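Data block below; observations after.
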Amino acid sequence: MTLVEVLVAVGILSLAAVAVLIALAAVSHALAVAENRAGAYSFSLSKMAELQMAAGVAASQGQPLQWKAHGAFRVGAQPFDWSVATEPAPIDPALELLTLTLAWAQGDQGHESRFKTLIRIPEEGQKKQGGSQ
């Protein structure tokens, strides 16, 4: 084997190693995004259940529906912001379309997920955002 052949082989192996490292970085980033999406999904399930339960309790007691309209939480070191908004449901005036929005930044990219559900608002009371549960 000549010196030229050795240099060519080392060059080819170096290029292959760089390609593997780039692929590992991409997989690592995708894994971090997936982990954050899983955290957002888990929080959304919990928050939606909390809001639906609050609506049910308020309806059964004939009281106004109250909830916190926005906030923040962390999954590990990753901060998330969340907000809740409602609008009348077009299919039934006794229903509200509730939208939970989660937002977070990862590196230089912003991410956002929205989760929607219908809730029945109390007939006697009016909904109040910004109150506490």
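Things to note:
- In this simple spin-label model, placing a label point 7 Å from the Cα along the Cα-to-Cβ direction at both residue 94 and residue 57 gives a separation of 2.2 nm.
- Residue with peak Gaussian network fluctuation, the chain [Cα springs, cutoff 10 Å], from 24, 98, 118: 24
- For region 3-129, the dipole from Cβ point charges (+1 on Lys and Arg, -1 on Asp and Glu) about the Cα centre works out to 240 debye, to the nearest 20.
- Remark: spin-label model distance residue 116-residue 16 equals 5.1 nm, labels positioned 7 Å along the Cα→Cβ axis.
- Annotation: peptides 39-46, 104-111, ranked by per-residue average of other Cβ atoms within 10 Å with the highest first, follow the order 39-46, 104-111.
- With contacts taken as Cα pairs under 8 Å at a separation of at least 6 residues, the chain carries a relative contact order of 25 percent.
- Rounded to the nearest angstrom and listed largest first, the equivalent-ellipsoid semi-axes of the chain from its Cα gyration tensor are 53, 13, 10.
All of the numbers you see were taken from the coordinates with simple rules; none came from a lab. Keep in mind that this is a model prediction, so the values were computed, not measured. Every residue, glycine as well, gets a Cβ built from its backbone with ideal geometry; the counts of neighbours run over all protein chains shown.
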